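Asker: Okay, here's the structure, questions in a sec.
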Amino acid sequence: MKRLLLAMAIIFAVACSAPKSEVAAEVAIIPQPLSLVQHDKSFTITPATALVCDAAELAPIVAYTKEYLALQSAESAPESNYIALSLDNSLAEEEYHLSVSAESVKIVAGGYGGAFNGVQTLFQLLPSDVYTKQMQLPATVQGCEVQDRPKFAYRGFMLDVARTFMEKENVLRYIDYIAYHKINKLHWHLVDNQGWRVEIKSHPDLAKVGGFRGGDSPLRAALGKWNEKYGGYYTQEEIKEIVAYAAVRNIEVIPEIDLPGHSEALLRIYPQMLCNYTNDKLDVNGNYDGRGVVCATKESNYRLLEEILAEVCALFPSEHFHIGGDEVNMSQWKKCPDCSAWLRKRGYTDGHKLEDMFVGRIQAILAKYGKVPSVWNEAAFGGGLSKKALVHGWKSAKVCKEVMMKGYRTIFMPQEFFYFDMRQSDHETGPVWGGAFDLRKTYSFDFV
Ligand SMILES: [Zn+2]
């Protein structure tokens with residue numbers, strides 16, 4: 001079973017030291033920019049330094065920059081002592097040029113993302129106390145010319161708040177950290193067997209009851225929280241706030257509602273969505289029906305799922321919507337008279353064919369709300385998944401490659417390189433099912 005707390009897919013070339021320079025301190029920018037030329041004309045930020053920007057669409061970045069650097073706004077560039085943000089539509093959206101001279105720092109970008117990335121590079125050229133938002137002035141920006149654009153359009157971070165709930169403020173801090181590294185997608189794993197974390201107004205018990213496990217909850221205790229009722233959820237207002245906070249930071253939030261497996265939280269609230277047989281194998285305490293797979297052949301399930309998914313779709317502007325598809329326990333479908341009959345009638349023995357049908361039905365629902373499905377790699381095993389879907393490969397680097405070779409746009413996030421809840425050495429405690437590895441191994445991954 002995959003118990004991921006955090007996984008990261010850094011879809012670009014990662015940190016390398018910049019070339020040594022005779023004239024100045026070494027500049028190290030993460031991720032390594034396309035080109036970096038250092039020179040000895042450094043810029044000094046003082047309390048009088050002006051921030052100039054003539055592009056209205058960059059207003060949120062101007063406000064963001066001023067949160068970190070207490071600069072004066074100016075309508076137009078003074079003769080010297082200013083930082084300027086501007087757009088040049090001959091550059092790609094996330095491309096930027098940053099020029100430091102004794103008089104100014106100029107960031108010229110193709111679009112919002114490029115300007116944001118340029119500001120992050122500027123922060124990295126400053127003393128690290130810039131991140132405290134209370135940097136000591138005057139502060140020196142090392143003289144250099146940077147030309148940069150990302151190698152990959154999708155640079156993602158996946159956050160699992162289903163197994164471990166994280167308060168809104170902590171989610172916002174994670175967004176800050178990934179923004180500093182120019183990561184532009186947050187894949188937000190909002191539900192799993194251990195909790196339902198998003199308020200659904202038409203079905204309030206999903207979060208109010210299903211957001212908690214242990215104690216008097218219908219969800220069993222799990223993952224170290226054995227003697228307490230544990231959990232939490234996000235209201236729709238909180239989710240909107242998080243999505244907007246991320247958007248300022250050039251981060252698109254992609255929600256995940258994990259279906260049809262990993263669905264214990266949903267199924268403890270709505271047991272009528274289970275397959276049509278009596279489970280004689282209850283939890284060791286005799287209290288919990290441990291089945292976690294939604295019946296694929298009950299029409300009423302698709303109506304209920306549409307009501308739920310429609311509300312979630314409305315909260316996230318992203319066109320991507322992750323619907324899970326991993327680790328479906330096919331034995332539950334095979335024991336179900338209706339699901340097994342569906343397979344038998346079509347001459348199938350592989351449950352993945354039924355998963356293809358289920359995913360196709362959910363894809364059609366999402367299409368009504370303008371969304372394209374993302375799925376975990378198992379959902380690409382049945383052969384019927386639409387090529388429009390984005391596939392997230394978690395199982396292994398080998399599986400990621402196989403999925404990509406089938407023609408799917410594939411997000412590489414193999415557990416054995418990117419699951420950061422794994423222990424980093426044999427001397428630590430923590431999960432090891434994805435392997436024990438440290439950042440050297442993560443950095444060694446060659447996406448190309
Ligand atoms: Zn069934």
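The values are calculated or read from the model by the stated rules, or taken from the named source; none is laboratory data. As the structure is a computational prediction, the values presented were derived from the model and not from experiment. Counting neighbours? That spans all protein chains shown, and the Cβs are built from the backbone with ideal geometry, glycine included. The protein model used for the area step is the full one, side chains on, heavy atoms only, and it has no ligands, DNA or RNA in it. Shrake-Rupley method; radii C 1.70, N 1.55, O 1.52, S 1.80 Å.
Asker: In segment 434-448, what residues are open to solvent by less than 70 Å² (accessible area, probe 1.4 Å), closer than 16 Å to Gln32 by Cα and in a loop (DSSP other than H, G, I, E, B)?
Answerer: Phe445, Phe447
Asker: Residues that are in contact with an Asp or Glu (Cβ under 9 Å, 6 or more places away or on another chain): list the strands (runs of 3 or more DSSP E) wholly contained in segment 50-162 that include at least 1 such residues.
Answerer: The strands (runs of 3 or more DSSP E) meeting that bar are 50-53, 82-87, 96-100, 104-109, 139-141, 144-148, 156-160.
Asker: Going by the structure shown, is Tyr288 within 22 Å of Ala207 (Cβ to Cβ), among the hydroxyl-bearing types (Ser, Thr, Tyr), in a loop (DSSP other than H, G, I, E, B) and more than 16 Å from the ligand (Cβ to nearest atom)?
Answerer: Yes, satisfied.
Asker: Shifting gears a bit: Can you say whether Cys313 is crowded, with 18+ Cβ neighbours inside 10 Å and within 13 Å of the ligand (Cβ to nearest atom), as far as the supplied structure shows? Lay out the reasoning, then the answer.
Answerer: On the way: crowded, with 18+ Cβ neighbours inside 10 Å: yes; within 13 Å of the ligand (Cβ to nearest atom): no.
It is false that Cys313 is crowded, with 18+ Cβ neighbours inside 10 Å and within 13 Å of the ligand (Cβ to nearest atom).
Asker: Can you list residue pairs whose Cβ atoms sit under 8 Å apart, with the first residue in segment 296-320 being in the same structural domain as Glu252 (by TED's automatic domain parsing) and the second being buried (at least 18 other Cβ atoms within 10 Å of the Cβ) and of a type in the set (Gly, Ala, Ser)? Count only pairs 6 or more apart in sequence or on different chains.
Answerer: Every condition considered, the pairs that remain are His320/Ser374.
Asker: Taking the condition within 16 Å of the ligand (Cβ to nearest atom) and in contact (Cβ under 8 Å) with a residue 24 or more places away in the chain, does Phe358 pass?
Answerer: yes
Asker: Pick from Asn227, Asn184: which is more than 18 Å from the chain's Cα centre (by Cα) and more than 20 Å from Gln272 (Cβ to Cβ)?
Answerer: Exactly one of Asn227, Asn184 is more than 18 Å from the chain's Cα centre (by Cα) and more than 20 Å from Gln272 (Cβ to Cβ), namely Asn227.
Asker: Moving on. Of these, Thr44, Thr49, Thr65, which one is under 22 Å from Ile178 (Cα atoms) and outside the structural domain of Lys185 (by TED's automatic domain parsing)? Working first, answer last.
Answerer: On the way: Thr44 fails: under 22 Å from Ile178 (Cα atoms); Thr49 fails: under 22 Å from Ile178 (Cα atoms).
Exactly one of Thr44, Thr49, Thr65 is under 22 Å from Ile178 (Cα atoms) and outside the structural domain of Lys185 (by TED's automatic domain parsing), namely Thr65.
Asker: Scan segment 125-142 and give yes if some residue there is free of Cβ contacts under 8 Å to residues at least 40 places away in the same chain and surrounded by 18 or more Cβ atoms within 10 Å (Cβ to Cβ), otherwise no.
Answerer: No; the residues of segment 125-142 include none that is free of Cβ contacts under 8 Å to residues at least 40 places away in the same chain and surrounded by 18 or more Cβ atoms within 10 Å (Cβ to Cβ).
Results for (1) under 26 Å from the mean Cα position of the chain (by Cα); (2) among the small types (Gly, Ala, Ser); (3) more than 20 Å from Lys298 (Cα to Cα), shown as yes or no for each residue.
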| residue | (1), (2), (3) |
| --- | --- |
| Leu309 | yes, no, no |
| Ser318 | yes, yes, yes |
| Phe321 | yes, no, yes |
| Ser331 | no, yes, no |
| Gly351 | no, yes, no |
| Met357 | no, no, no |
| Gly360 | yes, yes, no |
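Asker: Give the residue, chosen from Gly210, Gly231, Gly215, Gly224, that is touching a Gly at 6+ places or on another chain (Cβ under 6 Å), over 22 Å from His320 (Cα atoms) and either away from the ligand (no atom under 16 Å from the Cβ) or open to solvent by 10 Å² or more (accessible area, probe 1.4 Å) (or both).
Answerer: On the way: Gly210 fails: touching a Gly at 6+ places or on another chain (Cβ under 6 Å); Gly215 fails: touching a Gly at 6+ places or on another chain (Cβ under 6 Å); Gly224 fails: touching a Gly at 6+ places or on another chain (Cβ under 6 Å).
Going through Gly210, Gly231, Gly215, Gly224 in turn, just one is touching a Gly at 6+ places or on another chain (Cβ under 6 Å), over 22 Å from His320 (Cα atoms) and either away from the ligand (no atom under 16 Å from the Cβ) or open to solvent by 10 Å² or more (accessible area, probe 1.4 Å) (or both): Gly231.
Asker: If you don't mind, there's one more thing I want to ask. If you take the residues in segment 353-386 that are at pLDDT 95 or above and in a loop (DSSP other than H, G, I, E, B), which one is least open to solvent (accessible area, probe 1.4 Å)?
Answerer: Only one residue tops the list, namely Lys371.
Asker: Being surrounded by 24 or more Cβ atoms within 10 Å (Cβ to Cβ) and closer than 24 Å to Val391 by Cα is the filter; apply it to segment 323-345 and report the residue that is nearest to the ligand (Cβ to nearest atom). If you could, list the steps in order and put the result at the bottom.
Answerer: If we filter segment 323-345 for residues that are surrounded by 24 or more Cβ atoms within 10 Å (Cβ to Cβ), which is where we start, we get 323-325, 328, 333, 339.
Imposing the further condition that a residue be closer than 24 Å to Val391 by Cα reduces the set to 323-325, 328, 333.
Numbers: Ile323: 18, Gly324: 17, Gly325: 16, Val328: 12, Trp333: 6 Å.
Only one residue tops the list, namely Trp333.
Asker: Would you mind stating whether Ile254 is open to solvent by less than 10 Å² (accessible area, probe 1.4 Å), assigned to a helix (DSSP H, G or I), more than 16 Å from the ligand (Cβ to nearest atom) and modelled with pLDDT of 95 or more?
Answerer: no
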